[in-house]
Number of protein chains: 2
Amino acid sequence: MTGTKRVPGATITRLSIYHRQLELLEFDGYRQVSSDKLAWLCQVSSAQVRKDLGYFGGFGVRGVGYDVLELQAHIREILSINKVWNLAVVGIGNLGSALLRSRGFALKGFNCVAAFDKDPAKIGKFTAAGIRIKNITELARSVKEMHVDMGVITTPPSEAQRIADMFIRGKVNALLNFSPIRIYVPDCCLVENIDFTIKLDILTYRLTHGDMN
Amino acid sequence: MTGTKRVPGATITRLSIYHRQLELLEFDGYRQVSSDKLAWLCQVSSAQVRKDLGYFGGFGVRGVGYDVLELQAHIREILSINKVWNLAVVGIGNLGSALLRSRGFALKGFNCVAAFDKDPAKIGKFTAAGIRIKNITELARSVKEMHVDMGVITTPPSEAQRIADMFIRGKVNALLNFSPIRIYVPDCCLVENIDFTIKLDILTYRLTHGDMN
């Protein structure tokens, strides 16, 4: 694989979407798919599909399209989802609980191995998946011992930065932040933010001004 | 406001992020902010801030920067979040419950007015916010009567398309889809997808291949 440093973020997002659709095609019994059909399923242009896959060498056969299983395997390798990643979730409210129970996570190799909260009523209890909820005071030490790869933050915004700092002390350098606040991390650390209200703002804009790409 | 049809989606996303940071600046007592500082807070370049705001006329004063309250008001108008929008949530599991309780939604004028599920054990019960959970068989009629603006889908993937169709029959033309499946809607309808596992794929890619923009 060459030149991966220059791949746009939007391409990586789309690769993840292509992979999802390829799984569904496999489930439906398809072995081949044209770039036109894959593009239609993913609501992008087929030129976009070819361009995105072109960053990594192409994979398609002219006039035949893509092998559904092969392309899945290639994308899994590109995205590094062909291994198991250990996740720790902090903030075991409704959202944290929903994530811990998510079959989607587990099926894709994201394994929730630890859960933390600061509420004494929750600490020591077990989640539906059988994970004992620990006190956040144990976070930094615990995630290091358990080889956690990624931290998931679903606390109120006022706690989010403190939790991020704890993860970094515990040598966890990738964070998924559901709290509606930007968190600041050193350059060695990666953060992806999920803010539902931003998506709502996009909908209100599109409803009012007409669609956009 | 001119030319809003040609504004890129990424600009709209960033406007929402700028708005969030301007609220925080207001809370901290700031009345002015430079484009450099706003850019730093939002983790973009100051050229990007000026370009994004330039689509709508600029708003800044050279050498002074932006008025924190004025720019907030402008962005609220651009995004059409200066009014109240009615939301209906379908699928009252952990995630649906978390959304119904979200203070972030209510504070930004997104008002959850209806909740639906198909589980007889939930139908008729009240959510923490005092909304009675209705049977999804009532969805299309109910959302039309209640003037729901947006539908939020947090059902399992196997139900998502059916729920989307019900919303469309109920004249709800904007959907926020949390289900990890693409849903297909007529051109008059808008969909924004939130798929957590895509964000995880981006993190695994970045962890493995080094950062990307």
### Query
To the nearest 0.05, what FRET efficiency results for residue A:45 and residue A:209 with a Förster distance of 30 Å applied to their C-beta separation?
0.85
### Task
Helix by helix through chain B, keep the DSSP H runs that span 27 Å or more along the axis on Cα and average at least 0.0 on Kyte-Doolittle, and give those back in order.
B:9-27
### Query
Average partner chain C-beta neighbours within 10 Å, per residue of B:12-22?
4
### Task
Work out Dmax and Rg for the stretch B:4-79 from the C-alpha atoms and quote the Rg first, both in angstrom.
11.2, 35
### Message
Please report, for residue B:128, the nm distances (one decimal) from its label point, 7 Å out from Cα along the beta-carbon direction, to the equivalent points in the remaining copies, shortest first.
### Response
1.6
## Note on the structure
Taking the axis of the rotation relating chain A to chain B, the A residue whose Cβ comes closest, together with that distance in whole Å, is A:94, 2
### Task
May I ask which of B:83/B:199; A:118/A:171; A:83/A:199; A:118/A:144 have a Cα-Cα span longer than 24 Å here?
B:83/B:199; A:83/A:199
#### Entry: Cβ neighbours within 10 Å from other chains - mean over B:175-183
3
### Task
Using the heavy atoms of the protein chains and a 1.4 angstrom probe, tell me the accessible area per residue for the stretch B:85-197 in square angstrom.
43
### Query
Which value in deg cm²/dmol, rounded to the nearest 500, describes the helix-derived mean residue ellipticity at 222 nm for the protein assembly as shown, given -39,500 (n - 2.57) per DSSP H run of n ≥ 4 and division by the residue count?
-13500 deg cm²/dmol
### Message
At 7 Å along Cα-to-Cβ for each site, give me the label-to-label distance between residue A:23 and residue B:171 in nm.
### Response
3.8
### Message
If I take the Cα coordinates of the protein assembly as shown and project them onto the principal axes, what are the three extents in Å, biggest first?
### Response
56, 54, 51
#### Entry: Shielding of B:189-196 by partner chains, average beta-carbon count, 10 Å
6
### Query
When the Kirkwood radius is taken over all Cα pairs of chain B, what Stokes-Einstein diffusion coefficient follows at 20 °C and 1.002 mPa s, in µm²/s?
111
### Summary
Of every hundred units of 1.4 Å-probe accessible area on the stretch A:4-79, the number belonging to carbon and sulfur atoms, as a percent, is 52
### Message
Once R0 is set to 35 Å, what does the formula 1/(1 + (r/R0)^6) return for the Cβ-Cβ distance between residue A:64 and residue B:188, expressed as a FRET efficiency to the nearest 0.05?
### Response
0.45
### Query
Straight-line reach from residue A:51: which aspartates and glutamates have Cα under 14 Å away, leaving out those fewer than 8 places along the same chain?
A:36
### Message
What's the ranking of A:111-118, B:183-190 by average number of surrounding C-beta atoms within 10 Å, highest first?
### Response
A:111-118, B:183-190
### Message
Antiparallel versus total DSSP beta bridges in the protein assembly as shown: what percent is that, nearest 5?
### Response
15
### Label geometry 7 Å along the beta-carbon vector: residue B:158 inter-copy distances in nm
4.3
### Task
Roll a 1.4 Å probe over the protein heavy atoms and report the accessible area of residue A:159 in Å², nearest 10.
30
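The values are calculated or read from the model by the stated rules, or taken from the named source; none is laboratory data. Since the model is a prediction, treat every value here as computed from it, not as a measurement. Neighbour counts run over all protein chains shown; Cβ positions are idealised from the backbone, glycine included. Remember, those area values only see protein heavy atoms, side chains included, never the ligands or the DNA or RNA. Shrake-Rupley method; radii C 1.70, N 1.55, O 1.52, S 1.80 Å.
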